[in-house]
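The values are calculated or read from the model by the stated rules, or taken from the named source; none is laboratory data. Keep in mind that what you see is a predicted model, and the values were worked out from it rather than measured. We place every Cβ from the backbone using ideal geometry, glycine too, and count neighbours over all the protein chains shown. Just the protein is used for accessible areas: all its heavy atoms, side chains included, with ligands, DNA and RNA removed. Shrake-Rupley method; radii C 1.70, N 1.55, O 1.52, S 1.80 Å.
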Amino acid sequence: MKAHFHKVPVAPQSSFSVRHDQKPNFGTVWHYHPELELHYVIKGEGVRLMGDNISNFSSGEIVLLGANLPHTWRCNEEYFQGNPEKEVEAIVIQFLPECLGRYLFGLPEAYLIPKLFEKAKSGLLITGKAKAKLAPLMRQAVHATDLDRIIIFLSILKILSETSEVKTIASEHHAFKQSNESDVQRINKVCNYTLSNYKKEITLDEIASISNLSVTSFCRYFKLITKKTYYDFLIEIRISQACRQLIEDKLPTEVICFECGFNNVSNFYRHFKKITKMTPLEYKKKYLHSHKELAMAA
């Protein structure tokens, strides 16, 4: 997939960029830039494409992207319907490795920072207590000025460089970057069709036809670029939707099961626990508890 170069705008009086985005969706442009990016999704759900990885994203996610790592956050179809009540929100911090000077991060005391930048080349999903600490700091960074802005930024880097609560997202080689324009159209069709039709049964014949490939070729192609089967991807989409509905707490779990495309409750529970390592009830309790902590810290 051919990625587009993106020029990150930074004000002349600033050493790095901090944005608080509130808009209909995150767009669809597959792009890269030399700046590292810390991306906090406050509101929004969909599919995250990063390097050679395709995964679901949802509200509360914090990701650190390394320099020149191609990426995009593709929202669910409902975010493209022009509904003013359905918008995404995110805080984005973008910075060059030498943004605070050529020598600061080369100091002996800062030896963990270059290691962090190296690990971030594959993209890092931040979890646990580290995520809970970062969220309020990123909110503060939006309005901070002068030295306070630098102090908050260094505090963020300190948390990121010292924590082990991270998950690597992409492989080292970022296969998408070397692919061609036809891959862009093909993977877009697959993602869009899946996000629009996950509630119903989707056969391999059906999705392969959308991709203009035979079933065998499609399965090989999809596994090559995503490191997972299409059905694994479809299950992840359905579980992601179930997680969102559990958090909204408007429907019983058994109803959510069928709303998200599963044809029996036991099958839903089995897949849910396999992917989240929790039961639906445990997931809901954990989210509501962490959400309360974040609200108190904000």
**Message:** Please list, ordered by residue number, the strands (runs of 3 or more DSSP E) wholly in the range 7-122 having 3 or more residues that are open to solvent by 10 Å² or more (accessible area, probe 1.4 Å).
**Reply:** 17-23, 36-43, 53-57
**Prompt:** Take the residues of the range 175-221 that are basic (Lys, Arg) and at pLDDT 90 or above: which is least open to solvent (accessible area, probe 1.4 Å)?
**Reply:** LYS200
**Request:** Show the residue pairs that are 6+ apart or on different chains and have beta-carbon atoms under 6 Å apart, the first residue being within the range 32-58 and at positive phi, the second being of a type in the set (A, V, I, L, M).
**Result:** GLY44/VAL88; GLY51/LEU69; GLY51/ALA170
**Complete:** From the option list PHE105, PHE95, single residue qualifying as in contact (Cβ under 8 Å) with a residue 24 or more places away in the chain and hydrophobic (A, V, I, L, M, F, W, C) is PHE95
**Message:** Tally up the residues in the range 268-298 that are at pLDDT 80 or above, assigned to a helix (DSSP H, G or I), open to solvent by 70 Å² or more (accessible area, probe 1.4 Å) and of a type in the set (D, E, K, R), please.
**Reply:** 5
**Complete:** Picked from the range 222-251 (must be buried (at least 17 other Cβ atoms within 10 Å of the Cβ) and of a type in the set (Phe, Trp, Tyr)), the residue farthest from ARG186 (Cα to Cα) is PHE233
**Message:** Suppose we keep only residues that are without any contact (Cβ under 8 Å) to a residue 12 or more places away in the chain and of a type in the set (Val, Ile, Thr) within the range 229-258. Which one would you say is farthest from PHE57 (Cα to Cα)?
**Reply:** VAL255
